[in-house]
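Undergrad: The structure's right below; bear with me while I get my questions together.
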Amino acid sequence: MQRLYDHQPNGPATPVDMVVDYFKYDFEGAEPPRVTSLQTTVPNPTFTDFGEDEYFVADHLGYETVVHYLAGQYLKTDSSGKIVDPRLLLNKVVTEISYSSSGVSVRTEDKSVYKADYVMVSTSLGVLQTDLIHFKPKLPTWKILVIYQFDMAVYTKIFLKFPKRFWPVGKGKEFFLYASTRRGYYAAWQQLEKQYPGANALLVTVTDEESRRIEQQSDNQTKAEIMEVLRKMFPGEDVPDATDILVPRWWSDRFYKGTYANWPVGVSRYEVDQLRAPVGRVYFTGEHTSDKYTGYVHGAYLAGIDSAEILINCAQKKMCKYLVKGKYD
């Protein structure tokens, strides 16, 4: 991948080489280029189809608004728009899915049991790679193997708030990089003055092994490491300690076990088709089943539509055969 962009350092990589490389590859895909497939990166289908501009969503309502809007299209709501449909059950932890030719049975952590004709599994790839949900009978070997062929990447956005601003602002100064002898060590920074004026907030992104390392230490330890980096980046400035820090822990959370899937070297559309393929009356969806937009919100949304259509075709039209083309077709 690096050769395609003429960015393969000659000889030992310098800290500057590494941070530029990190910003170009890991900052988008969450994993280094040596393990990432070219299938969905060169070119990146999202950038090809929707443009290369990226925007920071600063709306305090967040993505939750989109979810509620979509759900309100088919679930019962009250006069204020709040979802009150009794079919929507929240705070239920699925621990077992039993399936047969006649239907499915879903058991939750509180011992409740729900029966249906079909089930759609929309957990993250990371959850599928754990034993949180037990399938009875076990998933076939081909399904288990393909689940583990993909990587569940970890992408961590750490937010910090300060009593005052000590970094530059203005055009061309939204991002800055820290060149370290350690790849990805608090490398990619973004100041949020435009998004949150006067908030004195910074965002630093870490990924992969650094994310996992940081998740296992205290926030105070992380803040101490960050303050050491910032004082190296802004020598001569009066850099105060951060007053607040937010460290997401996607990898440690049993309901996520990472942030999004990444195509490793060697996988293709064939493996994605297998990942999405139903097993009997058990159907699968999520961003990891998208053949073009893996890792993106729109990938999850569009994959959900595709998987729903596959299920509907079987349930209503009795078109239940799912075709997986050969790997080299």
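Undergrad: Select from segment 121-143 the residues that are open to solvent by 50 Å² or more (accessible area, probe 1.4 Å) and either under 14 Å from Thr95 (Cβ atoms) or among the polar types (S, T, N, Q) (or both) and list them in ascending order. Explain how you work it out, then say what you get.
TA: Here is the first cut: in segment 121-143, the ones open to solvent by 50 Å² or more (accessible area, probe 1.4 Å) are 122, 131, 134, 136-138, 141-142.
Residues satisfying the conditions are Ser122, Asp131, His134, Lys136, Thr141.
Undergrad: Right, another one. Which one of these does Arg87 not meet: (1) surrounded by 11 or more Cβ atoms within 10 Å (Cβ to Cβ); (2) more than 30 Å from Gln191 (Cα to Cα)?
TA: Of everything listed in (1) surrounded by 11 or more Cβ atoms within 10 Å (Cβ to Cβ); (2) more than 30 Å from Gln191 (Cα to Cα), Arg87 misses just condition (1).
Undergrad: Regarding segment 35-43, can at least one residue be identified that is part of a helix (DSSP H, G or I) and touching a residue at least 60 places away in the same chain (Cβ under 8 Å)? Please lay out each step first, then the result.
TA: Step one: list which residues in segment 35-43 are part of a helix (DSSP H, G or I), which gives 35.
Subsequent filtering for residues that are touching a residue at least 60 places away in the same chain (Cβ under 8 Å) retains 35.
For segment 35-43, residues part of a helix (DSSP H, G or I) and touching a residue at least 60 places away in the same chain (Cβ under 8 Å): present.
Undergrad: Scan (1) part of a loop (DSSP other than H, G, I, E, B); (2) surrounded by 18 or more Cβ atoms within 10 Å (Cβ to Cβ); (3) aliphatic (A, V, I, L, M) for the single condition Leu202 breaks and write down its number.
TA: The one condition Leu202 does not meet is (1).
Undergrad: Answer with yes or no whether Lys82 is surrounded by 11 or more Cβ atoms within 10 Å (Cβ to Cβ), farther than 21 Å from Thr259 by Cα and not hydroxyl-bearing (Ser, Thr, Tyr). Steps first, answer last, please.
TA: Working: surrounded by 11 or more Cβ atoms within 10 Å (Cβ to Cβ): no; farther than 21 Å from Thr259 by Cα: yes; not hydroxyl-bearing (Ser, Thr, Tyr): yes.
It is false that Lys82 is surrounded by 11 or more Cβ atoms within 10 Å (Cβ to Cβ), farther than 21 Å from Thr259 by Cα and not hydroxyl-bearing (Ser, Thr, Tyr).
Undergrad: What strands (runs of 3 or more DSSP E) completely inside segment 63-164 contain at least 1 residues that are charged (D, E, K, R)?
TA: Details: elements: 94-100, 103-108, 113-116, 119-121, 134-136, 151-153, 155-161.
Fully inside segment 63-164 and qualifying: 94-100, 103-108, 113-116, 134-136, 151-153, 155-161.
Undergrad: Please state which one of Gly258, Gly299 is part of a loop (DSSP other than H, G, I, E, B), open to solvent by less than 10 Å² (accessible area, probe 1.4 Å) and small (Gly, Ala, Ser). Steps first, please.
TA: Working: Gly299 fails: part of a loop (DSSP other than H, G, I, E, B).
Being part of a loop (DSSP other than H, G, I, E, B), open to solvent by less than 10 Å² (accessible area, probe 1.4 Å) and small (Gly, Ala, Ser) holds for just one of Gly258, Gly299, which is Gly258.
Undergrad: Is at least one residue of segment 96-113 exposed (fewer than 10 other Cβ atoms within 10 Å of the Cβ) and more than 20 Å from Lys138 (Cβ to Cβ)?
TA: Yes, there is a match, as at least one residue in segment 96-113 is exposed (fewer than 10 other Cβ atoms within 10 Å of the Cβ) and more than 20 Å from Lys138 (Cβ to Cβ).
Undergrad: Within segment 3-25, which residues are part of a loop (DSSP other than H, G, I, E, B), at pLDDT 60 or above and loosely packed, with under 13 Cβ neighbours inside 10 Å?
TA: Listed by number, the residues that qualify are Pro12, Thr14.
Undergrad: Now for a separate question. Tyr118 is checked against (1) over 28 Å from the mean Cα position of the chain (by Cα); (2) more than 28 Å from Arg249 (Cα to Cα); (3) surrounded by 11 or more Cβ atoms within 10 Å (Cβ to Cβ) and fails just one. What number does that condition carry?
TA: Answer for Tyr118: the failing condition is (1).
Undergrad: Have a look at Glu174, Glu237, Glu210, Glu193 and point out the one that is farther than 21 Å from Val19 by Cα and either free of Cβ contacts under 8 Å to residues at least 60 places away in the same chain or polar (S, T, N, Q) (or both). Give the derivation first.
TA: Details: Glu174 fails: farther than 21 Å from Val19 by Cα; Glu237 fails: either free of Cβ contacts under 8 Å to residues at least 60 places away in the same chain or polar (S, T, N, Q) (or both); Glu210 fails: farther than 21 Å from Val19 by Cα.
That would be Glu193, the only listed residue that is farther than 21 Å from Val19 by Cα and either free of Cβ contacts under 8 Å to residues at least 60 places away in the same chain or polar (S, T, N, Q) (or both).
The values are calculated or read from the model by the stated rules, or taken from the named source; none is laboratory data. Please read all numbers here as calculations on a predicted model, not as lab measurements. Note: ideal-geometry Cβ built from the backbone for every residue, glycine included; neighbour counts use all protein chains shown. Surface accessibility is based on the protein's heavy atoms, side chains included, excluding ligands, DNA and RNA. Shrake-Rupley method; radii C 1.70, N 1.55, O 1.52, S 1.80 Å.
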